[in-house]
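Participant: Okay, handing you the structure first.
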Amino acid sequence: MWYSYAVIRVVPRVERGELLNVGVVLFAREQEFLGARIELDRARLRALAPDVDLEVIERHLRTFQAISDGLPDGGPVAALPASERFHWLVAPRSTIIQTSPVHVGRSAEPRQALEDLLAEFVRPPVRAGPRPSVRAEPRPSVGAEERPSASAEECPPVSAEERPSVRAE
């Protein structure tokens, strides 16, 4: 079954365009399903915008969730049919709470798809051990064949006293 979804974003300063993905809203017409999952990582949001009013953000996100769920706390929009609520929630706007463009997917279980999308787009990635070291091969520069190059063994290390200092004035 096909579904439509959008990523829910907090844009603390709209003029800067910086954002944090905080949730996903998913609508599956054939299954008559509309759901939103929101996970606000307060520490990540504070790192992006130290002066953001978290209470205001959380209040707006609760309203977003209430509209998705069709609860009275979502106001008059929450009383609309699910398809209209979805389209209202994902309509483009220039506010602190925004959504990505709408994308489509396919799943027999929309609740599981919602969880999978949340893991993919909202939760920080989980690393499974140390990352392998990637070593780039040196690429010869233009005219390199004309100049001899020194290997690492031929270049002695530079002591701290020999390094040039940089001063900010």
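The values are calculated or read from the model by the stated rules, or taken from the named source; none is laboratory data. Everything quoted here is computed from the prediction, not taken from an experiment. Neighbour counts run over all protein chains shown; Cβ positions are idealised from the backbone, glycine included.
Participant: Among (1) within 15 Å of Gly23 (Cβ to Cβ); (2) not in a strand (DSSP E or B), where does Gln98 come up short?
Facilitator: Every listed condition holds for Gln98 apart from (2).
Participant: Here is a follow-up. Please count how many residues of the range 90-125 are touching a residue at least 40 places away in the same chain (Cβ under 8 Å), more than 20 Å from Leu45 (Cβ to Cβ) and among the hydrophobic types (A, V, I, L, M, F, W, C). So that I can check it myself, show each step before the final result.
Facilitator: Within the range 90-125, the first condition is being touching a residue at least 40 places away in the same chain (Cβ under 8 Å), and the residues that meet it are 90, 94-108, 110-111, 113-115, 117-118, 121-124.
Applying the additional criterion that residues be more than 20 Å from Leu45 (Cβ to Cβ) yields 90, 101-108, 110-111, 113-115.
From what is left, the residues that are among the hydrophobic types (A, V, I, L, M, F, W, C) are 90, 102, 104, 108, 113-114.
Qualifying residue count, the range 90-125: 6.
Participant: It is to be established whether one or more residues within the range 26-34 are in contact (Cβ under 8 Å) with a residue 12 or more places away in the chain and under 23 Å from Pro125 (Cα atoms). Step through it out loud before you land on a result.
Facilitator: Within the range 26-34, the subset in contact (Cβ under 8 Å) with a residue 12 or more places away in the chain is 26-34.
Remaining after also requiring under 23 Å from Pro125 (Cα atoms): 26.
Yes: the range 26-34 contains one or more residues that are in contact (Cβ under 8 Å) with a residue 12 or more places away in the chain and under 23 Å from Pro125 (Cα atoms).
Participant: Of the residues that sit in the range 8-49 and are basic (Lys, Arg) and part of a helix (DSSP H, G or I), which one is nearest to Ser68 (Cα to Cα)?
Facilitator: From the range 8-49, those basic (Lys, Arg) are 9, 13, 16, 29, 37, 42, 44, 46; that's our starting set.
After this cut, where a residue has to be part of a helix (DSSP H, G or I) as well, the list is 42, 44, 46.
Numbers: Arg42: 22, Arg44: 25, Arg46: 26 Å.
Out of the qualifying residues, it is Arg42.
Participant: Now for a different question. For the range 15-48, which positions are more than 23 Å from Gly74 (Cα to Cα), of a type outside the set (Lys, Arg) and within 15 Å of the chain's Cα centre (by Cα)?
Facilitator: The answer is Gly17, Glu18, Leu19, Ala43, Leu45, Ala47, Leu48.
Participant: Follow-up question, since we're still on this one. Listed residues Val122, Val90, Val126, Val104; which is of a type in the set (A, V, I, L, M), at pLDDT below 95, within 25 Å of the chain's Cα centre (by Cα) and under 23 Å from Asn21 (Cβ atoms)? Lay out the reasoning, then the answer.
Facilitator: Values: Val122 fails: at pLDDT below 95; Val90 fails: at pLDDT below 95; Val104 fails: at pLDDT below 95.
Sole residue among the options that is of a type in the set (A, V, I, L, M), at pLDDT below 95, within 25 Å of the chain's Cα centre (by Cα) and under 23 Å from Asn21 (Cβ atoms): Val126.
Participant: Go through the range 48-64 and give me each residue that's touching a residue at least 40 places away in the same chain (Cβ under 8 Å) and under 15 Å from Arg9 (Cβ atoms).
Facilitator: Within the range 48-64, Val52, Ile57, Leu61, Phe64 qualify.
Participant: Is it the case, given these coordinates, that Pro76 is touching a helix residue (DSSP H, G or I) at 6+ places or on another chain (Cβ under 7 Å), exposed (fewer than 11 other Cβ atoms within 10 Å of the Cβ), farther than 20 Å from Ala6 by Cα and at pLDDT 95 or above? Outline the logic, then answer.
Facilitator: Values: touching a helix residue (DSSP H, G or I) at 6+ places or on another chain (Cβ under 7 Å): no; exposed (fewer than 11 other Cβ atoms within 10 Å of the Cβ): yes; farther than 20 Å from Ala6 by Cα: yes; at pLDDT 95 or above: yes.
Taking the combined requirement at face value, the residue does not satisfy it.
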